[in-house]
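> Below: one structure in structure tokens.
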Amino acid sequence: MTTRAEAGRSEPTPAVRMRDVSMRFGGVRALDGVHLEVAAGEVHALLGENGAGKSTILKILRGVQAPTAGTIEIGGVPLAAHTAEAARAAGVAMAFQEMSLVPTLTVAQNVFLNREIKAGLGLIDDRAAVAEAGRLFARMGVAVDPTAKVADIPAGHRQLTEIVKATSQPCKVLVLDEPTTALSRNEVERLFDYVRQLRDNGVAVIYVSHRMDEIFRIADRATILRDGRHVITAPMAEFTLESMIAHIIGRRSRGFSDVVREQASVGAPLLEARGVTGAGKPAGIDITLHAGEVVGVAGLLGSGRSSLARVLAGVQPMTAGEIRVKGRPITIARPRDAIDAGIALVPEDRARQGFVAFHSVESNIDLPNLGRISRRGWINRAKSAELADGAIERLRIKTDGRAAPVRSLSGGNAQKVVIAKWLATEPDILILDEPTAGIDIGSKSEIVRLIRNLAKSGKAILVLSSELQELLAACDRILVMSEGRIVRDIARASLDGAQGGDAADAAQHAEQKLNEFMQEARGGFQ
């Protein structure tokens, strides 16, 4: 029997309530009657494969796009208009995955962009902005220089600046889209502490990430989308890793654990680097990559992983050292020298450096291969089509066809286009910098299997990643970097520990050991 007190008691109003939200782009239905409710004072994970509809529903919440159908309420109040200004006025803030910072401005200027702190006579008070930005970073527990230009700071500090910018004014709803992709483990811990502070102060946090370990640590509930439809909303306690992945991809999977890591058949050395040094980093690196081998590079933020990749690929100058390919000394002064020597780099920032978003899949694959498919400045369209169709088939790129723009693809398929265009140059040595960053768990496993198969075909692969599970699944050896130097060379099998226990326990043990080695490496240079 319901008491009068219980009958009069109402459920708290959700911070976000989106009902029956649908979105069409021409004939394509991106969202189909999606529901999303987020309570004040909770961390709510929004999950799904690339292309599941997460970005679309967040754009609608932020007022960037108007839905075809459905309603949006913030704190029980319907949005007055589907504009960014209306969403911001209602208390919605977002830290973007594709960062919105202006590189030529300082950190403090970016934090207060379009709402600058004013002094007397209405002049901008940069000194006050620096002081306030410093206070905001201190509240998060991280050290970022407010006076530094954004172009001059590391990727992790840019990501932290994006988050501070989003939370520098009061908000009811905070969206964090892949907030840890460039952060060190210690910075992730500081961010999580900060998110918990916001949650405890009543802020609703919508947390988007493809890193399942983070979701289980930070989220209270999760909503999963698939193919533009709502699949499930439930407390985290009701999920296991396997059940969550099954809801995300529509079939049972254990993520990286599904990747079969066979014994590598290692051949002759393809790349030998001795004393390789760049401007600052790397510093005296020695590396040997063999045919048929996948070598990983692990290291905390600032260790020099990406600098090493750029020097080997001719993007940054090498100031000292020697590089040999198939035993022959080569000089790499520019990217074309590396390409001609059979070295290809898949860069970390695919959106800015990997592809041209508005160009077709075919034209993106053509770019580094124009010499092969053109004559006297004219592209042979038959050869171009053959090259693109072969790449789409080989890498199983999900696309409407070679004429489809890359921006229409999911993150995993866009990454496959970047890999495909460099594989078309027929390299012997492939360098992949953060190859699965921002990609859903199903596509991550597929890219790791692709890496293993490329090595099996006789290529030497160098994988640089901040995601330890990815390195453990993909690699035969793992190098640990710190301060631009290689401090450990570890056989992957040596991280498995004693026999016994299930695969999940073995993977957890290996990840823990690798992380310990990375922390020890940083300590050795402090």
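> Rounded to the nearest angstrom and ordered from largest down, what semi-axes does the equivalent ellipsoid of the range 301-402 get from its C-alpha gyration tensor (root of 5λ)?
Gyration-tensor ellipsoid for the range 301-402: 29, 18, 12 Å.
> In whole angstrom, how far apart do the alpha carbon centroids of the range 114-173 and the range 287-306 sit?
With the range 114-173 and the range 287-306 each reduced to a Cα centre, they are spaced 34 Å.
> Can I ask one more? Report the Cα centroid-to-centroid distance between the range 181-196 and the range 78-107 in angstrom, as an integer.
So the two Cα centres are separated by 21 Å.
> If amide H atoms are built 1.01 Å from N in the plane of the peptide, which residues on other chains or at least 5 residues away come under 5 Å of the amide H of residue 226?
Long-range HN contacts for residue 226: 231.
> A further question follows. Quick one: compute the contact order of the chain, relative version, from alpha carbon pairs under 8 angstrom and 6+ residues apart, as a percent.
Computed over the chain, the figure is 15 percent.
> Specify whether the C-alpha gyration tensor of the range 269-325 places it in the rounded, prolate or oblate class, a ≥ b ≥ c being the square roots of the eigenvalues: rounded for a/c under 1.5, otherwise prolate if a/b is larger than b/c and oblate if not.
Oblate, since a/c reaches 1.5 and b/c is not below a/b.
> Quick one: what Rg and Dmax do you get for the range 69-154 from the alpha carbons, in Å?
16.1, 47
> For n ≥ 4 DSSP H runs only, could you compute -39500 (n - 2.57) per run for the chain, divide by its residues and tell me the 222 nm figure to the nearest 500?
-10000 deg cm²/dmol
> Oh, and also: Can you list the DSSP H helices in the chain whose Cα atoms extend at least 15 Å along the helix axis and whose mean Kyte-Doolittle hydropathy is -0.5 or higher?
Membrane-span-like by this rule: 126-140, 155-167, 381-395, 411-423, 441-456.
> Which aspartates and glutamates have a Cα less than 15 Å from the Cα of residue 118, not counting those fewer than 8 places away in the same chain?
Residue 118 reaches 126, 132.
> Further question on the same structure: Counting residues in the range 363-430 as N, plug N into 2.2 N^0.38 Å and put the Cα Rg over that result.
1.07
> What accessible surface, in Å², does a 1.4 Å probe find on residue 106, ignoring ligands, DNA and RNA and rounding to the nearest 10?
30
> Let me ask something additional. Keeping every protein chain present and rolling a 1.4 Å probe, give me the accessible area per residue for the chain in Å².
45
> Per-residue counts of other Cβ atoms within 10 Å, averaged by peptide: what ranking do you get for 77-83, 444-450, 512-518, highest first?
The packing order, highest mean first, is 444-450, 512-518, 77-83.
> Can you list residues whose amide H is under 5 Å from residue 70's amide H, if they're 5+ apart or on another chain and H is modeled 1.01 Å from N?
22
> Got the relative contact order for the range 175-304 handy, in percent, Cα pairs under 8 Å and 6 or more residues apart?
16
> Straight-line reach from residue 326: which lysines have a Cα under 30 Å away, not including same-chain ones fewer than 8 places off?
281, 383, 416, 421, 456, 459
> Could you tell me how far the Cα centroid of the range 396-447 sits from the Cα centroid of the range 337-358, in Å?
Cα centroid of the range 337-358 versus Cα centroid of the range 396-447: 11 Å apart.
> Tell me the carbon and sulfur percent of the accessible area for the chain, rounded to whole percent, probe radius 1.4 Å.
That share works out to 49 percent.
The values are calculated or read from the model by the stated rules, or taken from the named source; none is laboratory data. Just so we're clear, the structure is a prediction, and the values are computed from it rather than from any experiment. As a convention, Cβ positions derive from the backbone with ideal geometry for all residues, glycine included, and neighbour counts pool all protein chains shown. Surface areas here come from the heavy atoms of the whole protein model, side chains and all, with no ligands, DNA or RNA. Shrake-Rupley method; radii C 1.70, N 1.55, O 1.52, S 1.80 Å.
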